[in-house]
Amino acid sequence: MTMSTGAGFRARRIGPGRPVAARGQPPALRGRDGGAAGAMPERRAGPAIFLDKDGTLLADVPYNVNPDRMRFAPGARAGLARLARLGLPLIVISNQPGVALGKFGIDDLQPMRRKLEAMFLEAGASMLDFCFCPHHPQGVHPAYTKICDCRKPAPGLLCGAAGRHGIDIVASWFIGDILDDVEAGRRAGCHTLLLDNGNETEWRGSEWRRPDHVAADLDEASLWLVHGGALRHAGALP
Ligand SMILES: [Mg+2]
Ligand SMILES: [Zn+2]
């Protein structure tokens, strides 16, 4: 599900059959001119930066939808401000199983989304979209109790957002604080960056759960993305 801000971004759809990317891409964002030769210009897609919410952007308060309790995670405000200056679409990708589990109603996500938008603006950033999965396999709300393809580590939210906004997912990055984020990103075809900030506790490993890079917080992650040259290569920097 999505709550688009419609913040002036011209959506360009890409085909529904777009294949999931092969792995082994270099850890760099490909440029807007990096599409297939002969592609029509209007179908060229640029990269985005996808961001997990709880524990990545915000200090993790379980099942919180109260705007008054929303705070930036350490380093997140500075990191978001740095990412914002790149001019790439910023999209939040969040599991919200509290809907299925009866912790809150789906409408309770609206004030939370508005506060998140305000926090982006406060950091000089703009949230293009807030994409969330309301499902859980062991929920209590029948409409949302299911095995879905959008609950991370499944890639559905990322693939859906990329399709809606015409984003080149292979050139994009997903930043999260647990290995389920990494797996979702890799399954979608993104590059992945793990914030090793203590929120991952199980460390169940697999080929899908190896990030391209690890940073301590969003501040350090944003510095690495910029100074690693990935974003400059994408033409996102002068
Ligand atoms: Mg998280
Ligand atoms: Zn779902």
Most exposed first, judged by fewest Cβ atoms within 10 angstrom, 53, 146 run 146, 53
When you count, for each residue, the other Cβ atoms within 10 Å and take the mean per peptide, how do 150-160, 112-122 rank with the highest first?
150-160, 112-122
Need the C-alpha centroid separation for segment 67-118 versus segment 148-194, integer Å.
16 Å
Students often forget the sequence filter, so: which lysines lie under 18 Å Cα-Cα from residue 115 once same-chain residues fewer than 8 apart are removed?
53
Burial ranking of peptide ranges 179-185, 130-136 (average Cβ count within 10 Å, highest at the top):
179-185, 130-136
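Every number in this text was worked out from the coordinates using simple rules, so none of it is lab data. As the structure is a computational prediction, the values presented were derived from the model and not from experiment. Counting neighbours? That spans all protein chains shown, and the Cβs are built from the backbone with ideal geometry, glycine included.
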